[in-house]
1. Against the 2.2 N^0.38 Å scaling, with N counting residues, where does segment 94-181 land? I'd like the Cα-based Rg ratio to two decimal places.
2. Can you check how the C-alpha radius of gyration of the chain compares to 2.2 N^0.38 Å, as a plain ratio?
3. Hey, rough spin-label estimate for His203 and Glu17, points 7 angstrom out along Cα→Cβ, what's it come to in nanometres?
4. Given the DSSP H assignment, sum -39500 (n - 2.57) over each helix run of at least 4 residues in the chain and divide by its residue total; what's the result at 222 nm in deg cm²/dmol, nearest 500?
5. Name the most mobile residue of Gly140, Gly80, Gly157, meaning the one with the largest mean-square fluctuation, in a Gaussian network model of the chain with Cα contacts below 10 Å.
6. Can you tell me the 0 to 90 degree angle between the C-alpha axis of helix 158-174 and the longest principal axis of the chain, rounded to 10?
7. Would you mind getting me the FRET efficiency between Ser152 and Ser68? Use the beta-carbon distance for r and R0 = 35 Å, nearest 0.05.
8. 7 Å from Cα along Cα→Cβ at both Thr139 and Ala61: what's the point-to-point distance in nm?
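Bear in mind that the values in this text are calculations on the coordinates, not laboratory data. Treat the numbers as computed from the prediction; the structure is a model and nothing was measured. Using ideal geometry, Cβ is built from the backbone for each residue, glycine included, and neighbour counts are taken over all protein chains shown.
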Amino acid sequence: MDLVSRLFLAVDGGTFETDTALLTPAGEVLARVRAGSTSPQSVGAVQAASVVERLRGEALARAGLPASTPVARVVAFVAGVDLPEEREDVRAALAAHFAGTDLVVENDIHAVLWAGMRRPAGVAVKFGSGINALARSATGRTAGYLALGTISGDWGGALTLGSEVLFAASRAEDGRGPHTSLRYRVAAHFARPTVRQAVADLHRGRAGAPALADLTPLLLDADADGDPVARQLVDRQAQEVVTMAAAAMNRANVPTTGSDVVLAGSLLTAGHERLDRLVDDGVARALPGAVVRRMSVPAVVGAALACLGAERGGPIADERYLHRIAESLEAATPSR
């Protein structure tokens, strides 16, 4: 059978950006394209599916293929697909564009599992706009979280930390809280003389969620400089990563020895020395015998591996094969 008739579309759908790869069953990435959000909680399931359809068209055009070229499988790992009904809504919306196509829709935490695990069992923790984790046993049993924010018991992620940074900076400025250098870092970040003015801008809609997410580097810089308020926040985030991993593994009956703890997302893979040490030490205490792995490839590689794993009957643990796909992805990435 002609390989072109067996094309796969791998989708990593984020809150702010969607990364998509068009690939063959041999793992060759023919095109890589990006667009905005496909999170149904942000844009709705119908709009999310429309974005994926547009990305398919752009990918086929970039690969030099006719717009009518069929896609045999779509694996869409999408942020904001937390409930079964949200998954089915996205799948139904995609089916309207991809008739006769094998469709797989899951939360984007699945991309981390596929891209990061090298053993039959383990857990993935992702730091994004929010925080999420998913454990998988060797028999395929999984356990995760709703990941809906504070109302579902979550603490952490870029939006949470951004809010905490503003909270601490505001209270330091007006005298309700302890002194912290975050007060000056926040004002400088927003190019305002005071935190109060920066918060007023946020309140009036002059900056929004992406602005909050951008405050995490300020927190890490303050932590590195020994700021006690920043250190408390970093300590708490590290503990939350370990707690989420351990609780998910326990519910999925994943033994700690010989299991992977895969970490993904900007904060957990940035090489922040103290945070990394806190997480590693916490995992060693709570999950003895587990191996910490920080994901070094884009999450869309996980969606690509899921496409290929379905073709081959299971996960692909060969790291050399994974990196060949990552290299093919990089070669297909247009310059920005």
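1. Working: Rg = 18.9 Å, N = 88, 2.2 N^0.38 = 12.1 Å.
Normalised Rg, Cα atoms only: 1.57.
2. Expressed relative to 2.2 N^0.38 Å, the Cα Rg reads 1.03.
3. With each label point 7 Å from Cα toward Cβ, the separation is 3.2 nm.
4. Working: 13 runs with 154 residues, N = 336.
-14000 deg cm²/dmol, from helical runs alone.
5. Result: Gly140 has the largest fluctuation of those listed.
6. Between the helix axis and the principal axis of the chain, the angle is about 10 degrees.
7. Details: r = 43 Å, r/R0 = 1.22.
The formula returns an efficiency of 0.25 here.
8. That separation, rounded to one decimal, is 5.0 nm.
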